[in-house]
Every structure is written in C-alpha cells, then in structure tokens.
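Down below is the structure, laid out as structure tokens.
The values are calculated or read from the model by the stated rules, or taken from the named source; none is laboratory data. Being a predicted model, the structure only gives us computed values, none of them experimental. Here Cβ is always computed from backbone atoms with ideal geometry, including for glycine, and neighbour counts include all displayed protein chains. Note: accessible area is taken over every heavy atom of the protein model, side chains too, but ligands, DNA and RNA are not part of it. Shrake-Rupley method; radii C 1.70, N 1.55, O 1.52, S 1.80 Å.
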Amino acid sequence: MSVTIKIDDRTLQVEEGMNVLEAALQNGIYIPHLCHHPDLPELGSCRLCIVEVEGEDGVTPSCKLEAKDGMVIRTKSDQISHLRNLSMELILAAHPEDCSTCPKYGQCEMQTLIQYMNVSATRMNRRVKGFKMNEENPLIIHDMNRCVMCGRCVRACGELRGVGVLQYNKKELETYVGTLHDKLLKDADCRFCGACAEVCPTGTIRDAMNYTPIEKRDTLIPCQATCPVHTDIPRYIRYVRQGKYAEATAVIHEKLPFPECLGRVCTRACEGKCRRGEVNEPVSIRNIKRYTAEHTDNSLWMNKIKKLPATGKKVCVIGGGPAGMTAAYYLGKQGHSVTLKEQYPALGGQMHYGIPSYRLPRDVVEKEAGFLSLADVKVETGVRVDHPAELLSEFDAVLVAVGTHKGVILPIPGSDLDGILVNATFLRQASMGEETGMGKKVVILGGGNVAFDCARSAVRLGAEEVHLACLEKREVMLADDEEIEQATEEGVHVHPGQTFDQILDDGNGHVCGVQFSNVEKFYFDENRRAVTVKEENSEHVIECDTVIFAVGQRIDLAEDSGLERGRGNSIATPTEGSLATSVPGIFAAGDAVYGTQTVIKAVASGRDAAIEIDKYLGGDGDITETLAPADTADQWIGHIDGFGYLERSEEEFIAAEERDHDFRPISTGICDAEICGESRRCLQCDLRFGITGHRLWSDYSNDAKEEAAI
Amino acid sequence: MSMLMNNEAALAQLSALTKEALEEKLGKREKAGAITAALYNSDMERRKDILLAKNPAGIIAGLCALSCLTGAKKAEIVSPCVADAAVANGLKAAAEKAGLALTLTEDDFVTKTEHRSDLLVSFEELAAIAEKLAGEEPKALYAVGDGDLAEADPAMTVKAFLESQGDVPEDIKGIAVDHAFCPAGALETVTLGQLASRSGVIRVLTGKDCILDRARKEILSLRKKSCGKCTFCREGLYQLQVNMDAVAAGRGKTTNFEMSQEIAEAMLVSCNCSLGDDAGKPVTTMMEYFRDEAEAHVRRKECKAGACLAFLQIYVDPAKCQGAGECAKVCPVDCIEIKPGYTALIESFDCTRCGKCIDACPNGAIVRTAGKVPRNAETAVRLKNAAAAAAGAADADDDEDDGASRSSARAGAARRHRTLRRPGR
C-alpha cells in the first residue's frame, strides 16, 4: 500500500513500512549513513542517518523508521548536526589519519563521508587500535586498524551469504571483527566470495589486488576476462552445480558454438587465472564444460537462437576450421546467406585433421559442426580455393580462414631424405586413415603439443620405438605436462635439451638416424636472435627410419593468392584492430592471420570476423544473443565445512596399457559422482557484483554538493 | 506470595485462563516469534539471577503467559546461572510440566540484533506476571550493597528502604544505582518505584567515596561489558575514560569535563541497548549532582574523599620515624631514601601511593594525606636516639665527602632529583 510522507520540503509516495532512509536515498535525498546497506538487515549503530520526526522529541536513526502515512521528517537541524557530527568525530578518533597512503584512496565511501560532513577528530583523544595488517590470507586483506565497526561485513557474511565466518571478537577492551579464534580465513571455512570486501566502506577488508573502477570486473572475474570469448564461467558453473545442464550449456553457447570440443581440448587460460587457485587448486573448468555439454540435448538453447531475417547479402567463408565455422555460424544468424568451402572431406580444421582423435573424437566434432545448419550455412567440402578475389564476383564478402596446415621442415643437413615426414601432413593422413609412410623407428623433432600428438599417434599406428627430441630443457618445454607424462607412460622416449645437428643417410637416400648434441645453454641475444651453446663432445645418434618434423606450421595458400602476406607468410591485416586484408571485401581470421594458436582463439577470431563483416555488409555488428533464462543468482550461498580444502577433481584417463594401441578417446571426463562437488568449489566471484553499490553524496542533487562545499 | 519463592500457584492458574482473560489481566502485547528472558545488559550486579533458582515456576508461568499473548512458539532463558545443573533442571522441569518449548543459553549478554522479532523480557517482569496471575500485586526487588535481595513496597522512599536494611552511615552523600549517582538529598522523596532500577542494587556513597573515582570505575566496567557495535557506546566510553583518567591523574582541565559532559549527554540518546543507555549516566549524574566535588580535582587540585592517588601524598613524619628502614625494604619503586642516622624520606615524584610502606612501618610514622605535605616532613632529619646518633656520628665524618646512602639504588637518582636538602650542621 502506498503512503505519503514528507522529508524536508519534498513529498514522497512510498510503500507503507518502507525503510525511510532507503526511501530518501532512492528519491534523490541524500542522508549520510555508514552502517546501513540496502541488501543487509539494519543495525542502527553509526547514528549518522538520524532525523527528527514531527511530533516526537529527540532524534531517531532513519534506517530504523518505517514509513507511515502522514509522517513528516526533518533531516537537518541544530540538534541533528550536533549529534551527527559528534558521531563522526567519535568514529574518526579511532580511524587512521593517513587517507592519502591508504590503498582505498579515491574509492572509499568513508572518505566521501568525511568530505561531505567536513568534520575532523581534533576535539577528541585519538587512538590507534594497534592491529597488524593481516596479509596471510589469499585474495583478501584484513587491515583492522581502519575499521569503523559498521558491521556490514559481519551481516553480509552471516545474513546475506549464510556463511557466517566473520564475527565480533573482543580482546582487552577492544572490539574487532575477526574469525572464530582468529583463525585464517581458509580454516574458518570462508568461501572467498568477496561480499565482505564489496560492502566495506573503508579500506579495512579489501581485495589483495588493487584495481581501478574500470578494471574491477576483469580483475575480480579473471576467468571470464582471460577467456578469449569471455564466456560467463561463474554463471554456467553455478547452473552445473544445480544440475541444470541445459541452462549451463545455453550460457556457454552465448559465446562459443563448440563446448563439447573445447571441453576436451581447450588450453584453459581461465584455469590459469582462476582465483580458486590462490586458495588451493583452480576449478576444473574445462571438464565441467565438457560434462555439461555432454549431458544436455541442446534443445533449450536451440529454441532461442537469434536468426535475423535474410539480408540478401552473400558471404563465402573459406576454411571449415573453428575460425571459419564460427564466423559462418554467426554471419548466417545475422541473416546473411553463407557458403562455407572446406578443402578436406570433413569440417573441423585442426579439430579434425590436427588434434588426434584419441583427444578429440571425430563424432564430437561432427556433431558440433552440425550446428552450422541452424544458421542455414551451405557447406561444400572437398573444395579448395587459392584465389579468393575471384569469389567477389559471386559474394559480397569473403573470409579466408584456412589455418596453418603446412608443416615446417628445418633446412638441416639430411632434411630432404626419404622417410622425412612433417607434422601437419602426418596427422592429417593418420586422421583420414591414409598411409603415412611411417616406418618402425620414429624420431619426432619438436617439443610442443603437436609434436606429442605426432609421437602418441605414431605409437598408436604401431611404431616399435618412438623418440621425441626438442631444443628446450624439460622445465620449459612448450607441451602440457599432462601430454608429456601420458606420452612417457605410453612408451615415448623424451629427449629434452637437444640440438638437431643432422639427419643421417643410410647410403640409399633414406633416413637411418638423427645426430643430436646436448644443449648447454639456449637464449635470445640482444637482437632477439636465438643462440644455442652446445656441450662439447656430446654428439650422439638416435637410430630411426622415420623423422617427423614438428617444429611449426605455416599457412597453406598459393603465393599468387592476391592477398598481401605478412610474417611467416600469414595473411596480412594491415589495419590495426581490423581483420580486413589488402583486398577490399576480403577478410581473414584464425591461425591464417596470427600463426598457429589455440581453438578458442580461433573461435574468438571468428566472432570478430563475423562482427566486422556484418558491419561491412550494412548490419549493426551485434552478434550477442540471450540463450539462457533471465534469472539472477541467489546471494545466499551457505556454509560448507572445509570449503577451502576441497580438492580438485580430475578427469579420468584410461590406463596407458589399454589406450596406446588405438585411437579411442583416452578420457572419460569427470565422473557423475564428482561433478557437483567440483562445481561447488567455484568461488562465484561474480556474485558480489549483484550487491548494491555504495551511494555517495556526489551522486545526489546539487543541494548536497553545495552543502558539502560549505 | 513472594517473587523470591516458587510460585506454583501461578502456573496452576494459567491453564484456566483464556487469551482474552490474560489480556485483561496483563494487557495486550504485539506479535513475537519467540520470548527471550534475560537480565538487562546494563545489569552487572546480576542479583536478580536468583529468581531462576528460587522461583522457576513463576518464571515459566510468566513465559507461558507471554507466549499466549504474543503467539510466540518458543522461549529462551539467557543467564550464566543455567550452567548450574540444579537451576537448569528446576527450569526444565517446570517448562515440561507447562508444555513450554524452552532453551537455556549460558551467556551474560543479549545481542538485540539477533532477536529482532523476539520479545525481550527480564526475569523480574516474569516473576511479576506470575504474581499477578496468582492475584497479588508484585513488589519491588532491591538490595543494599552486597546484601540479599529483598522485596519492598514500590511506594517506599529510598531512604526508608535503606534504613530498613540496616544502619545508614552518617556521612552518606548519595547512592550509586544502575551506573548513575543520586544525591543524598533526593533519597527522602524518591520512591523505589520511581527509581525503577534494573539491577535493584543500591550502593551507598559516603565521604570516603570519591565521585570521580566511582565514575571511572563505572566507565571501566561498562567498557569491559560493552559489545562495541554502537559508535557512541564504544567510542564515547573510551573518550570518557581518557578524559576522566586525565583528571584523576592530576592533569585535568575544565575542557575534560566539558567534553565528557557533551559526549555523555549524547550517549544517553544514541545507543541501542540498556548498557548504552546507561553508559553516559556516570558522567551526566556526576556533573548534575556532584559537580563541585568533581571539578575540585581540576580547580583546586583536590580529591575530597582522598581516593584519587594523584592528589594524595604519603610522607614520613620525622617526629615518629626511628630509622627502622622497613619502609625502604617494601617500597616497590625504591623511592624511599634512608641515610644512616637520619629519618626516612619519600621521593614524591616516583611514589605510586601504593601504601605498602604505611603498613610496614613498625612505628606508624608514615602518613597518607589528601592535603599538602607539612614543611617539617620535607627533609630528612637527624635521628634523636643515642644509638643511632652514635652510628650517625661515626658516619658523620664521611657523609660530608660523598653523601653515599644506604639504599644504593637511589643514590644517583637522589642526586639527580635534588629534592633532598643536606641537613644543616
């Protein structure tokens, strides 16, 4: 029921029983306050929000008043000023004077209050509470000397979040906020959700990392920020925890079209930045993504996809890898007529012809490539295009996303012998079930993930002996530790720290071994040239009949393509921040532009290309869509015993002996029993952004600003 | 029936009464989720805890009546006394008999924000309700000093009550009750009912009680119990303590009183619980009724009651000192100098007024006074008796040279302070 109340000279219509302070603040009337917070139950202890109620003597905190019809409130009077200022003087008497050296300077609610009220503690006896700043906890700093005992953190932790880790302690007449028995946060079962830091009006409880207001979201939700496509990771993990796999997958699909593929092979930059990693171990984000994508029939998001009316424009995408497919998919949904030309028999690019099927099963690639049909993309396989400019007569725009499918062979002595294979070709042939020309004893040159893909594929193809040698020392090898470990389990001999001296001829023009020397030192000099220092007299030979070069890949596109080329023969995109090539109407994306990188980066590049091409064709370039339900996360998360010590669940791998002789998938992902527990480990760093922000006097009417200036 | 006796009749009455009948007897009450019974936070005497032990039936009857009136589904009793098994069992038995869902919590403080939707009530109120149920008018519960709690007619004056409980000292200057001070003059007119004390404990103040010292003790005990959440209670009490300590230490200025009065008056209207409400009272009532005595500490550097150490002097009466030296042995800060053949001399600057020397002196020669040290006691004098004189004469030749004293630790300090005057020859 609506009632009429009067605050100073303004008449307001508010809900009966509404908190009078909130009513004022929401209606543009500023009343200073400290312990009040709209998301928290009232405390009424700071006494800054006091007002006079007509018909009653004395003052009352407005945060404890409930609106009644006909209520008349005065927010300014001598009595109010006196008591309000006295309260602030008392608070400041125990607050450090060093505003300018406090990390919260410029972002501190208390600082704005001091500014507004223009009060200092000169009449009072100052005291220093004598607490040492506590930096022993991960992610959150406790600097109790600055505390003004507003109690917001205690209420936020206890009543808003339902965790209840912060409480009032008292030692030798000094009350302070702390944990039970002053335990470390992790031992007190803190969930590191950051609600305490979010509501603290001073620099007392603050994030260990400093940030400006613009950087705040990216600093505090680093998983989402570092993901090349900015998937809303905390949100989908929350859905997985609730068992809502359809909704979780929908959240992922808002940003990328291939969660099941990426759930197996993504390089997971997110996990590297996961804040849970500061507590114990990062959340197993990739595995959670895989699990949710595998446990939904996708109907939820499929029914909601954006599909704009036909624009009449035609786009040709050359290359059916993750970059090309992503661009085709989004362009198709923007209403353009898209034709995708792929040179090989199946779609997938590196996902089909690079990454071995024991890591990424082909049926998964096929299934997700099938989503292109939702965007009415016409797919033509077995079609190679070397002169994209010719397509401009038929299409309004062309995207070249041909990737890097040509392996690099180092020009060392013997690199032209028979039995020399190269990574891209070898993996493609293995993938297509074609003859690779591999012998019995294989040496792979190179130390990245692709080299290991070659090595482990060689094992599965029946090689008797597989060696892998690379320049880098073991600690700085580029491949994932997991790959190196699993390859070693499968019998691959790994030789780090080797230079490739020469490949030996058996006398008949065929490979019979590789000569290596041990690397003593390897560094880049001041001109950024690589310098390798060999150990004296360390030459040795590994006998083999096959050498596979796995030292890099280049674009496979004719020299006379008509497009300007850049570093490493890639397609040049001359304008900063644009994917346009040297030919108007032709754009490029993916590995073809920046060299061999990751699948997720290609997806991001594909999205960027779709945005740019859509704008080029007269669209608004907005490819965003809402696929997940519009619900808000519950701020209440509850207490979990031993939360900080919950261990990370890993995916389950088949034992080495069982997996090394065929290309069956080696991982079954996280098991059903552990998926909920693993998603529960997430700190939900995004939840704190749902807490109402601080209201400062400067947000209010000009009257407030004028008063403060006096 | 007495509130201090087990009121089983009240419990019996309860079963017969409907809610309407209860409302007629006791008045209407607002809805509440639960009833929480405890002593007021400001009550540090905790004398009324005894109601739990002596009148469990009455307590439970009161809780049941209130539950009926407010619709509360459960009740809680908060007191350190529930740790006592006998008390706890008595309450639980009565609760079971009455069919009341009761929790016992061992604590001496109620955090009001944890009971937002509960009705908070004191044990006395419950016992009073039980009296009404049994058809009696409840009396007032009071005690004098450490004496037992007694029941008295609320219309009785405080003076009459004091007299009923024992001899009232001649030099009574006022009372301290619930952290506030009341002047003697008011005692003949104020009734127990008007006093409305939460703790019920009246402590008599005589000429020997310094009002400032009492106020400081109250402030300290309030600081110890304060939960620290309210700005005015937490910071205000700290400011009051610092200001009053400065006065008691002899460093006071009138601004200390002005500041304290301003803060204390604000505290009366700025806190959330009874402890906060009372926190300003030691200073406000001291300034209202005993201002002269308090301000004398600053204006006349005088503590009339002789309690504030900074205003005391302890000196050796040279007429009585026999040079025994026992005082120097017990002095914890070594501020007593005894040269052989001379009377003892106390260094006033370092003296902490602990008074150990007074007890140690076999000749009763050490005096504590609120006034000034008499002139003749400002220096050490030659001892009059022969033996000491002989020893003194023997040393007299060398005492000219280096002034060495028997209490060796003090030698350097004595020279530094230069308060000792060499006895003239």
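With all protein chains in place and ligands, DNA and RNA left out, the 1.4 Å accessible area ranks A:T596, A:T101 as A:T101, A:T596, largest first. Residue ranges A:108-117, A:284-293, B:67-76 sort as A:284-293, A:108-117, B:67-76 when ordered by packing (mean number of other C-beta atoms within 10 Å per residue, highest first). With the Kirkwood sum run over all distinct C-alpha pairs, the range B:141-299 has a hydrodynamic radius of 16.1 Å.
Using a 7 Å offset from Cα along Cα-Cβ at B:K301, what residues in the range B:236-267 end up with backbone N under 12 Å from the label point? Counting backbone N atoms under 12 Å from the label point, the list is B:250-252.
Express as a percent, rounded to the nearest 5, the fraction of DSSP beta bridges in chain A (both residues included) that run antiparallel.
Numbers: 42 of 76 bridges.
Percentage antiparallel, nearest 5: 55.
Pop out the carbon and sulfur fraction of the accessible area of the range A:126-207 as a percent, whole number, probe 1.4 Å. Reported share for carbon and sulfur atoms: 49 percent.
As a ratio to 2.2 N^0.38 Å, the alpha-carbon radius of gyration computed for the range A:510-636 takes the value 1.68.
Computed from backbone phi, the HN-Hα couplings of the range A:197-211 come to 5, 5, 8, 5, x, 10, x, 6, 9, 9, 5, 5, 8, 7, 7 Hz, rounded to whole numbers (Karplus: 6.51 cos²θ - 1.76 cosθ + 1.60, θ = phi - 60°; Gly and Pro given as x). When every Cα-Cα distance of the range B:8-138 is counted in 5 angstrom steps from zero, the calculated P(r) takes the values 2, 11, 23, 26, 21, 12, 4, 0 percent.
With Cβ to Cβ distances under 9 Å as the rule, what net charge do the other residues near A:G203 carry (K, R +1; D, E -1)? Intermediate values should be presented prior to the final figure.
Values: positive: A:K104, A:R146, A:R206; negative: A:D143.
Taking every other residue near A:G203 into account, the sum is +2.
When you look at the Cβ of every residue in A:80-88, what mean number of other chain Cβ atoms sits within 10 Å? Averaged over the peptide's residues, the number is 3. Scalar couplings 3J(HN,Hα) for the range B:50-63, obtained by applying the Karplus form with A = 6.51, B = -1.76, C = 1.60 to θ = phi - 60°, are 5, 4, 5, 7, 8, 9, x, 5, x, 4, 5, 4, x, 5 Hz; x denotes Gly and Pro. Per residue, the Cα convex hull of the range A:215-364 amounts to 135 Å³. Other protein chain C-beta atoms within 10 Å of residue C-beta, averaged over B:232-243: 5.
Rank by packing, highest mean first: peptides A:171-184, B:272-285, with packing defined as the count of other Cβ atoms within 10 Å averaged across residues.
B:272-285, A:171-184
Computed over the Cα atoms, what is the radius of gyration of the range A:142-184 divided by 2.2 N^0.38 Å, N being its residue count? Intermediate results must be reported in sequence, preceding the final value.
Numbers: Rg = 10.3 Å, N = 43, 2.2 N^0.38 = 9.2 Å.
Ratio of Cα Rg to 2.2 N^0.38 Å: 1.12.
If a/c stays under 1.5 just call it rounded; otherwise compare a/b with b/c (prolate if a/b is bigger, oblate if not). Do that for chain B, with a ≥ b ≥ c from the square roots of the Cα gyration tensor eigenvalues. It comes out prolate by the Cα gyration axes. In this model, which of A:K171/B:K92; A:K186/B:K112; B:K48/B:K159; A:K304/A:K378; B:K28/B:K112; A:K186/A:K304 are farther than 32 Å apart at the alpha-carbon? A:K171/B:K92; A:K186/A:K304, as the Cα separations exceed 32 Å there. Dipole magnitude for the range A:126-207: computed about the Cα centre from +1 point charges on Lys and Arg Cβ and -1 point charges on Asp and Glu Cβ, it is near 300 debye.
Highest first, please rank the peptides A:77-89, A:198-210, B:79-91 by the mean number of other Cβ atoms sitting within 10 Å of their residues.
Numbers: A:77-89: 18.2, A:198-210: 21.2, B:79-91: 16.3.
Ranked from most to least packed, the peptides come out as A:198-210, A:77-89, B:79-91.
Simple rule: put +1 on each Lys or Arg Cβ and -1 on each Asp or Glu Cβ in the range A:595-693, find the dipole, and look at A:F653, A:W636, A:F663; the Cα lying farthest toward the positive end is A:W636.
For the range B:318-373, what log10 I(q)/I(0) values come out of the Debye formula at q = 0.19, 0.20, 0.28 1/Å, with one point per alpha carbon and no solvent? Values returned for q = 0.19, 0.20, 0.28 Å⁻¹ are -0.60, -0.67, -1.34.
Enter the mean number of other protein chain beta carbons within 10 Å of the beta carbon of each residue in A:674-686, as an integer. Could you put the intermediate results ahead of the total?
Numbers: counts 0, 0, 0, 0, 0, 0, 0, 0, 0, 0, 0, 0, 0.
The shielding value for this peptide is 0.
The range A:18-34 and the range A:572-635 have Cα centres spaced 45 Å apart. Calculate, in whole percent, how much of the Cα-Cα pair population of the range A:338-390 lies beyond 12 Å. In whole percent, the share of Cα-Cα pairs in the range A:338-390 beyond 12 Å is 67. Size descriptors for the protein assembly as shown (Cα atoms only): Rg and Dmax, in that order, 43.0, 137 Å.
Against the empirical 2.2 N^0.38 Å scaling, what ratio does the C-alpha Rg of the range A:126-207 come to? List each step's numbers first, then the result.
Numbers: Rg = 11.7 Å, N = 82, 2.2 N^0.38 = 11.7 Å.
For the range A:126-207, the normalised Cα radius of gyration is 1.00.
The alpha carbons of the range B:25-69 stretch over 31, 23, 19 Å along the principal axes, in descending order. With both labels modelled 7 Å from their Cα along Cα-to-Cβ, the A:Q79 to A:R217 distance reads 4.7 nm.
Taking the Cβ of A:L43 as the center, what net charge do the other residues with Cβ under 15 Å away carry, scoring Lys and Arg +1 and Asp and Glu -1? Write out the running numbers ahead of the final one.
Numbers: positive: A:R47, A:K64, A:R152, A:R155, B:K112, B:R116, B:K229, B:R234; negative: A:E22, A:D39, A:E42, A:E159, B:E114.
Counting the neighbours of A:L43, the net charge comes to +3.
Think of the range A:126-207 as having a plus end and a minus end, set by charges on the Cβ of Lys, Arg, Asp and Glu; of A:V148, A:V177, A:G194, A:V148 sits farthest toward the positive end of this dipole.
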